[in-house]
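Asker: Have a look at this one.
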Amino acid sequence: MAIHTQESLSGFIASEPLLTETAKGDARFFARIGKEHFRREDDGSFTRTETTYHHLVMFGRSAEHAHANFAQGDNFVAEGYTRPVNYERNGQAIEGEEFVAKKIGHDAARTRYEVDRTPRNGVGRDAAAYDPTQRAATAAHAPVSM
């Protein structure tokens, strides 16, 4: 079975995140994000180069969760895809791109945090059936194919 992959993006939230609604009434998360870039030198060290800035959006319940959990300056890792965008600003047509995140989390390499493994009660989920030790035991004995 093939592993389905998507684009990923890591960076930091550069602007105050906004939660708005789409024309259809769905939640829309928007933030300007910064992406730091580095150049590897011949001696193995890294030199920081120019930071670039981009748009990141999310939709639906994921957008609401992101807005509740992310603030300006937070480091993140996101999964999704890049898409072209065209809009008008001050009477000028702007062409660019934005990253549409389907999933987002804090960057574990750059963020101190605690994990709350208390089961969440949600629509379509049987919280009582979730046992992280059982999942780990099952995964340890699962066959792996390449």
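The values are calculated or read from the model by the stated rules, or taken from the named source; none is laboratory data. All values derive from a computational prediction rather than experimental measurement. As a convention, Cβ positions derive from the backbone with ideal geometry for all residues, glycine included, and neighbour counts pool all protein chains shown. Heads up: the accessible areas ignore ligands, DNA and RNA and are worked out on the full protein's heavy atoms, side chains in. Shrake-Rupley method; radii C 1.70, N 1.55, O 1.52, S 1.80 Å.
Asker: Find the strands (runs of 3 or more DSSP E) located wholly in the range 31-111 whose residues include 1 or more that are under 18 Å from Glu7 (Cα atoms) and basic (Lys, Arg), and list them.
Answerer: In the range 31-111, 75-89, 92-106 are the strands (runs of 3 or more DSSP E) which contain 1 or more residues that are under 18 Å from Glu7 (Cα atoms) and basic (Lys, Arg).
Asker: Can you tell me which residue among Asp42, Asp26 is touching a helix residue (DSSP H, G or I) at 6+ places or on another chain (Cβ under 7 Å), modelled with pLDDT of 95 or more and charged (D, E, K, R)?
Answerer: Exactly one of Asp42, Asp26 is touching a helix residue (DSSP H, G or I) at 6+ places or on another chain (Cβ under 7 Å), modelled with pLDDT of 95 or more and charged (D, E, K, R), namely Asp26.
Asker: Which condition does Ala2 not pass, out of (1) modelled with pLDDT of 95 or more; (2) over 18 Å from Lys102 (Cα atoms), if it passes all the others?
Answerer: For Ala2, the exception is condition (1).
Asker: Hey, Gly80 hits all of (1) open to solvent by 50 Å² or more (accessible area, probe 1.4 Å); (2) in contact (Cβ under 8 Å) with a residue 24 or more places away in the chain; (3) not hydrophobic (A, V, I, L, M, F, W, C) but one; which does it fall short on?
Answerer: (1)
Asker: Restricting to the range 28-63, count the residues that are open to solvent by 80 Å² or more (accessible area, probe 1.4 Å) and hydroxyl-bearing (Ser, Thr, Tyr). Step through it out loud before you land on a result.
Answerer: Narrowing the range 28-63 to residues open to solvent by 80 Å² or more (accessible area, probe 1.4 Å): 32, 38-40, 42-43, 46, 48, 50, 53, 61.
Of the ones still in play, those that are also hydroxyl-bearing (Ser, Thr, Tyr) are 53.
Summing the residues that are open to solvent by 80 Å² or more (accessible area, probe 1.4 Å) and hydroxyl-bearing (Ser, Thr, Tyr) in the range 28-63 gives 1.
Asker: Another question, if that's okay. Is it true that some residue in the range 20-27 is in a strand (DSSP E or B), open to solvent by 50 Å² or more (accessible area, probe 1.4 Å) and hydroxyl-bearing (Ser, Thr, Tyr)?
Answerer: Yes, the range 20-27 contains at least one residue that is in a strand (DSSP E or B), open to solvent by 50 Å² or more (accessible area, probe 1.4 Å) and hydroxyl-bearing (Ser, Thr, Tyr).
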